[in-house]
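**Q** Dropping a structure here in structure tokens format, bear with me for questions.
The values are calculated or read from the model by the stated rules, or taken from the named source; none is laboratory data. Source: prediction; values computed, not measured. Glycine also receives a Cβ, built like all others from the backbone with ideal geometry; neighbour counts cover every protein chain displayed.
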């Protein structure tokens, strides 16, 4: 490594030299001239000798220099702006999401394709950990993936500085803003005026309480950070802290963490590491380890120094951390001449830093509570064992009352106060202990659901199903120990909708389970109307497309036969025998042996669709035989040995592939070669000979699953035939199936993966993991088009069209702003920028268009609840009303002086409210077409208004961020304001009138008590502004749509997210539930209306109930509830 004169080399060069790596000449010359670098080099060597005592299996990890230090990857959908931070595990970049122009942070695994399994495990664990943490002071993961071999994930970008880069805490009020009083979140602590010394440190303590709350939230979800330090806490410009970097996080379940951390291995950052981390005692690392690190951070923030000096000698540093007590923070501050820290804060910090874990705070929540007590002037728990301390605090707090009485009254009052405080705390702790068990069970359940949702988004279907079905079917309540109970169908809403979302992304319609170790194979006829399956070698079953058995036939194969393969539409089956294959033919009696074939792969045997002919490969030749009567029909050979053969569906042609990849097609009856293609690849000497051939149902294409190549599809129309390679290479032991229309080819392989290709272009249209191990056979069925896959122990049915369950109406050239259902739910009204009102018949799909007025943009459409009228509002300053359910005939025009923003009917349909740009809301008598009332008082534009269910109140969302509610009888109004002034876009009353729900530019859905004007909940989850919103008729569901095109479904009662609906490429401008609540319509600026069937994927859940009950042993847990689940599933599958 070259070094410039007068410049010392970087530390990694000295570390490489210290472990004996080859030292460049320039470095040796520098060391000879530089005493400082020689001293540093000797100290590194001494530290390495000391660290050898902590080595794992007798050796320290080797020093690994990065292969490339200045790489930058291109993550699809994001534009890298700059590098923020580079650590040992990864690099963090600031980036901009191209679709939304939103600032994000992208963490990329530093080693990229050269990462070890342990590195990838820790990186994946960080993604998994962050995905299940939901706290405003912990960064949120939005996306994850792999690009160019580099693992990455996308999270919030925090525009600020690390905690250790902020100015001294005495100037924090100016530097980071005055954080909100953290003590207000604990109702049991009453704030008191702060003395000057405490007031000076209060901004720091309040900010630090938020950090403790974030760490405590992670602990409640079973996550230990293990690397808390100031650089992993970032403070944004408003003074809000965020906990980052969970790369070294550990699950409370030590077994789950054992693969990443071994006993004796140090994990963490030394200045903030607890004694148990320094000792490498991974089994002793728990929640209190993070409490120690929090204490070390608070110590450093108060004093500007670490509890122990770790910068000189590692041996001394380890000894200090393990054995020596730190100096009191107040002593360091006094020595520096800064304002003093009082004794209580000293006690809190030193309790965190106790060597004995039992003497520390037992959770970050206890630490946060003591800090709140400290700010409120209450006795802190850290001194709860000091009676004089409690007495002194009580006397000081109530000194005026005490001084007014006698000594006897004083003693009695003090005793009474102390006992009252202790009793109050014991009561609160008892109540907290009782509710904590229920809260913890609920949090663990919700964590499993969120982890299952994330697994599904990342493509891990097996893990997602295990987590989500476990939460849907079972529960473990407080006081029940490890005993499981079955839930009543349809189960908890969070788990139900998470499975609904999973099967929308990967639509598995059904799973048919088999006994352990039993292999089932399947085949479908060319039309896709019939399905046959075999159970090992014993029987052949004809199944209907719902999995029911229509016919069962005994095959008569040897009892020890491992498996059998159905062929020829259920008219024949084959099974391997000791010297070849045996064939069963319907009506033909006992199975008969085939001539010995060349291999045990089923590519050596092929049936015609009618089962009358079979082709086998024997000794490098292809033989075509008739089965009734049995006999040889034709025999074919070429220069190279034939390895695979296939009969066309009509049995008139034979295709064969030789060992070097050449293709031959014969007409069987004339024994004439009609097509030939030379080898297109040069195989290795020890080529992989196996891999099936398969004709498409129309006979024009031939799929070639040759294991030597990625696979290909031959077009047999030209002479010679042309081959197109598959865009992706499946794994070994391939099994093939064409769709009934010959347009799709599905390939299953050894690892359980399925790939679906376009039969003409060979592009890969879809890929997923269908089974945990090998797929033995696959087949398509029609109406709807589904793919059946057979693996060990189960057969699964997959819907090929992932857009099933949503109907898309594309209106070319228009940008849609609004949509609404008619009162009977039979039609949709939609409109947008072209000033045209579209009517869509939900049943027939018929579409009609009605031009409106001067063709100005239509911003709102409404169908009256009584089904008698419909109306639109335009930017042209007019509303138009039709005195009919659909726009028929000329409308009535209601002129306005300014452009309109919204309109809606009253619950009885007799009145119409319009909001316009002049900030006036007008109430019209629809039958008279005259304004009845004008509502004034709005200070800004009103994007949306809504009637309450009784029609006596009207609420409006304002661009100023205010929410206004008018009493329609008196005309008086109230103005409600949320925590921000972000513009509001939409407002709705719940059907029972209890809640008023609003959303807008702050990306949250806020729930207000409509009677008390109190904001009771804020639903967080959108990454973009919310423009659209609706409440289901039953009042249990909320749907919200944002400018990124994402729709989220929430549960109003639980105040939790349920599912996400994606598909729109531009902002979602309006949402409307159908009157029965079973459908949701969305309108977008991308020119489409989407009609989401919210009940569609319930059949997918129902189709998997039986296999999941078998997996968990549902009958053994509760046979009555297991039967109830089966009844529920049958009802859904039969449309009840």
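**Q** Any idea which residue in region 513-527 is modelled with the highest pLDDT, counting only those that are surrounded by fewer than 22 Cβ atoms within 10 Å (Cβ to Cβ) and within 29 Å of residue 804 (Cα to Cα)? Can you show your working first?
**A** Filtering region 513-527 for residues surrounded by fewer than 22 Cβ atoms within 10 Å (Cβ to Cβ) gives 513-519, 525-527.
Going one step further and asking which of them are within 29 Å of residue 804 (Cα to Cα), we end up with 513-514, 525-527.
Working: 513: 81, 514: 72, 525: 69, 526: 64, 527: 69.
Within region 513-527, the match that is modelled with the highest pLDDT is 513.
**Q** In region 884-898, which residue that is over 19 Å from residue 1083 (Cβ atoms) and in contact (Cβ under 8 Å) with a residue 40 or more places away in the chain is surrounded by the fewest Cβ atoms within 10 Å (Cβ to Cβ)?
**A** Going through region 884-898, the residues over 19 Å from residue 1083 (Cβ atoms) turn out to be 884-885, 888-898.
Subsequent filtering for residues that are in contact (Cβ under 8 Å) with a residue 40 or more places away in the chain retains 885, 893.
Working: 885: 20, 893: 12.
Only one residue tops the list, namely 893.
**Q** Hey, another quick one. Filter region 1052-1076 for residues that are in contact with a strand residue (DSSP E or B) (Cβ under 7 Å, 6 or more places away or on another chain) and closer than 29 Å to residue 864 by Cβ and give the result.
**A** Those that are in contact with a strand residue (DSSP E or B) (Cβ under 7 Å, 6 or more places away or on another chain) and closer than 29 Å to residue 864 by Cβ: 1052, 1061, 1064, 1067, 1068, 1069, 1070, 1071, 1072, 1073, 1074, 1075.
**Q** Can you find a residue that is touching a strand residue (DSSP E or B) at 6+ places or on another chain (Cβ under 8 Å), touching a residue at least 60 places away in the same chain (Cβ under 8 Å) and crowded, with 21+ Cβ neighbours inside 10 Å anywhere in region 862-872?
**A** yes
**Q** Right, here's the next one. Of (1) at pLDDT 95 or above; (2) out of contact with any strand residue (DSSP E or B) (no Cβ under 9 Å at 6 or more places or on another chain), residue 918 satisfies all except one. Which?
**A** Against the list (1) at pLDDT 95 or above; (2) out of contact with any strand residue (DSSP E or B) (no Cβ under 9 Å at 6 or more places or on another chain), residue 918 comes up short only on (1).
**Q** On to the next question. Check 36, 3 and return the single one that is more than 42 Å from the chain's Cα centre (by Cα), more than 23 Å from residue 111 (Cα to Cα) and either surrounded by 15 or more Cβ atoms within 10 Å (Cβ to Cβ) or at pLDDT below 70 (or both).
**A** Details: 36 fails: either surrounded by 15 or more Cβ atoms within 10 Å (Cβ to Cβ) or at pLDDT below 70 (or both).
Only one candidate qualifies: 3.
**Q** Now, a different point. For region 449-459, indicate whether the set of residues that are part of a helix (DSSP H, G or I), within 28 Å of residue 220 (Cα to Cα) and modelled with pLDDT under 60 is non-empty.
**A** For region 449-459, residues part of a helix (DSSP H, G or I), within 28 Å of residue 220 (Cα to Cα) and modelled with pLDDT under 60: absent.
**Q** Give region 315-334 a look and list any residue that's in contact (Cβ under 8 Å) with a residue 60 or more places away in the chain and either within 14 Å of residue 271 (Cβ to Cβ) or in a loop (DSSP other than H, G, I, E, B) (or both), or say none.
**A** Across region 315-334, the qualifying residue is only 318.
**Q** Looking for whichever is at pLDDT 90 or above and more than 26 Å from residue 524 (Cα to Cα) here; the options are 634, 641. Which one fits?
**A** Just one listed residue meets the conditions, 634.
**Q** Out of 482, 474, I need the residue that is touching a strand residue (DSSP E or B) at 6+ places or on another chain (Cβ under 8 Å) and either modelled with pLDDT of 90 or more or more than 16 Å from residue 501 (Cα to Cα) (or both). Which one?
**A** The unique qualifying residue is 474.
**Q** Something else now. Does residue 215 satisfy the criteria of being modelled with pLDDT of 90 or more, buried (at least 18 other Cβ atoms within 10 Å of the Cβ), in contact with a helix residue (DSSP H, G or I) (Cβ under 6 Å, 6 or more places away or on another chain) and at negative phi?
**A** Criteria met by residue 215.
**Q** Same structure, new question: Among (1) crowded, with 18+ Cβ neighbours inside 10 Å; (2) in the same structural domain as residue 233 (by TED's automatic domain parsing); (3) modelled with pLDDT of 65 or more, where does residue 167 come up short?
**A** (1)
**Q** Can you find even one residue in region 288-304 that is surrounded by 17 or more Cβ atoms within 10 Å (Cβ to Cβ), in contact with a strand residue (DSSP E or B) (Cβ under 7 Å, 6 or more places away or on another chain), at negative phi and in a helix (DSSP H, G or I)?
**A** Within region 288-304, one or more residues are surrounded by 17 or more Cβ atoms within 10 Å (Cβ to Cβ), in contact with a strand residue (DSSP E or B) (Cβ under 7 Å, 6 or more places away or on another chain), at negative phi and in a helix (DSSP H, G or I).
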